[in-house]
Amino acid sequence: MEFLADYASFLAKTVTLVVAILVVLITLASLRKGRGKQGSGHLEVQKLNDFYKSMRERLEQQLVDKDQLKAQRKREAKAAKQAKKSGESRSRVFVLDFDGDIRASAVENLRHEVTAVLTLATPQDEVVLRLESGGGMVHGYGLAASQLVRVRDAGVPLTVCVDKVAASGGYMMACIGQKILSAPFAILGSIGVVAQLPNVHRLLKKHDVDFEVLTAGEYKRTLTVFGENTEKGREKFQDDLETTHELFKNFVARYRQELAIDEVATGEVWLGISALGKRLVDELKTSDEYLAERAREADLFHLHYAEKKSLPERFGMAASTVIEHGLLKGLSRLNEQRFWQ
């Protein structure tokens, strides 16, 4: 009887854990669905001149003589007053960031940031994009590149800074800038297209497992993971890749006319130093160096569009965290109990 009681207790705990796991999965799925529908957020704006100024002043307080520092502050205040009195207006630089993953999901923020910039920016201003991406899905990066085309078509100068990597879809975005700046050892290029997928047809056939694909349209499915691939399907798939590559090349050549496109559109990548010789970039310079230079003569504003989380979403995330901790604790106790029994 004691064994049955222990077994019933163990079974009840196991069922409870399974139900809790299902609740977590359903909660996370609903949150993800809700996040896609949310669409509301706010634009965060930071004046980078103030950031640079605060760092400089902090350093000056430690290194510069107090009397000299006081005199310097008076000169700066006087110069600022005269500039305001004369009505001098400084150009504006709008700084955006794009940290790309394989799906180019950062485009959801970029599209709002570009829209905000174009409500105010003029040809006397500038947009600086700090870009980091190794590329990914064609349609995702195609949309991201289209957002930058909006800036260029509006006549607003666009500068793209690459500190680490802008390859494949990342370079598709970078090439739209009138000026591309690269760190000496950043990775650029990879103007090519790749697609790969496993095929387990022979494994299924070995174990007498049939897999059927029904389609309407000769090329509705060219290659498949489970079915038997044909030579005709492979040829069609390769033709599609070649077509996409050709469109990619033409897109880059349109915005970087100085490139020998057939020479660089081989799928290869180059470090910044070599990329400069290939005309993939215009200058070797980090984004920090460039923005610090521009801050001396222009007002710099960093823009970031942040999505708002609804109350149910915030509550759901908190609840899922609590449940997760409870599950881990319960599993730990269950494993301990099983071990000692």
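The values are calculated or read from the model by the stated rules, or taken from the named source; none is laboratory data. These numbers come from a predicted model, not from an experiment. Positions of Cβ are generated from backbone atoms using ideal geometry, with glycine treated the same way; all protein chains shown enter the neighbour counts. Side chains included, ligands, DNA and RNA excluded: accessible areas come from the protein's heavy atoms. Shrake-Rupley method; radii C 1.70, N 1.55, O 1.52, S 1.80 Å.
Observations, loosely collected:
- Theoretical FRET efficiency, 1/(1+(r/R0)^6), r = Cβ-Cβ of Asn199 and Asp239, R0 22 Å, to 0.05: 0.70
- Using the Cβ of Leu280 as centre and a radius below 11 Å, the other residues enclosed give a net charge of -1, where K and R count +1 and D and E count -1.
- Considering only alpha-carbon pairs that sit under 8 angstrom and 6 or more positions apart, the relative contact order computed for the range 98-184 is 33 percent.
- Net charge of neighbours whose Cβ lies under 15 Å from the Cβ of Leu204, counting Lys and Arg as +1 and Asp and Glu as -1: -1
- Protein accessible area in the range 78-224, 1.4 Å probe - carbon and sulfur %: 54
- Inter-part distance where the range 111-148 and the range 210-264 are each reduced to a Cα centre, Å: 27
- Taking every protein chain into account, the accessible area of the range 204-263 amounts to 78 square angstrom per residue (probe 1.4 Å).
- Two-site label geometry, His139 and Gln61: point separation in nm, points 7 Å out along Cα→Cβ: 5.3
- Using the Cβ-Cβ distance between Phe211 and Glu263 with R0 set to 45 Å, the FRET efficiency from 1/(1 + (r/R0)^6) comes to roughly 0.55.
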